[in-house]
Amino acid sequence: MTARRFSTHFIDRHDKTGHELGPQGGTVMLQLGLLIVGMFVLQAVLSVLQMRHFSREFMKLRRRGKVACGRQAGGFHAGAIVMFLIDGDGMIQEGKKLFGVTCFARVTALPGFEGKYVGGLTEADLPRHGKNLRRAILDARNTYNKFISGEEIPQPPSPFQRVGRTLAGRT
């Protein structure tokens with residue numbers, strides 16, 4: 001092999017720093033990029049399926065009567081959404097929850113609240129598991145009480161709004 005042939009072969013198989021590119025060269029980075037994009041698309045599809053499931057369960061309850069909802073975002077912990085089917089007096093007929101960290105969480109029954117007044121739920125009435133589930137139940141109580149008294153029910157700030165307020169020095 002002559003010097004010229006060696007240098008051409010060396011340049012073709014190595015990057016600028018002299019590291020060997022390997023048999024696939026830059027296609028590994030392309031494959032990694034496609035894998036990451038694919039994972040985002042899969043997560044978005046699964047999230048849409050979860051939202052559709054939640055909407056169907058909510059509409060099933062809504063067709064049967066009034067529904068009091070409460071929610072608590074989880075961040076890196078399990079988030080929770082609770083729904084209570086209530087009668088005209090605010091007595092809970094049925095409870096359901098969406099509780100989990102991933103898009104695989106599904107709406108399940110939330111037993112133990114039937115016959116209780118949603119506006120009068122206290123810490124003693126709450127299950128002993130899941131801090132965010134307890135907060136969501138209390139949020140449903142507070143939302144119901146505000147609705148009954150005619151108060152406006154404020155929307156919680158989005159994550160971007162919270163970051164913006166933090167950067168601006170407001171809380």
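The values are calculated or read from the model by the stated rules, or taken from the named source; none is laboratory data. Please read these numbers as outputs of a predicted model, since none were measured by experiment. For neighbour counting, all protein chains shown are included, and Cβ atoms are generated from backbone atoms with ideal geometry for every residue, glycine included. These area figures cover heavy atoms from the full protein model, side chains too; ligands, DNA and RNA do not enter into them. Shrake-Rupley method; radii C 1.70, N 1.55, O 1.52, S 1.80 Å.
Listing for the model above:
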{"quantity": "Computed accessible area, Ser149, all protein chains, 1.4 angstrom probe, square angstrom", "calculated": "70 Å²"}
{"quantity": "Accessible heavy-atom area order of Arg134, Arg63, highest first, probe of 1.4 Å", "calculated": "Arg63, Arg134"}
{"quantity": "Debye, to nearest 20: dipole size of the stretch 52-171, +1 on Lys, Arg Cβ, -1 on Asp, Glu Cβ", "calculated": "480 debye"}
{"quantity": "Lysines whose Cα lies under 30 Å from that of Lys116, excluding same-chain neighbours fewer than 8 positions away", "calculated": "Lys60, Lys66, Lys96, Lys97, Lys131, Lys146"}
{"quantity": "14 Å beta-carbon shell around Ala109, net charge (K/R +1, D/E -1)", "calculated": "+1"}
{"quantity": "Residue-level accessible surface for Ile81, protein heavy atoms, 1.4 Å, Å²", "calculated": "50 Å²"}
{"quantity": "Accessible surface of Leu126 - all protein chains present, 1.4 Å probe, nearest 10 Å²", "calculated": "10 Å²"}
{"quantity": "Relative contact order of the stretch 82-138, pairs being alpha-carbon contacts under 8 Å that are 6 or more residues apart, as %", "calculated": "30 percent"}
{"quantity": "Length released on extending from Leu167 to Lys66, taking residue separation times 0.36 nm less the Cα-Cα span", "calculated": "32.4 nm"}
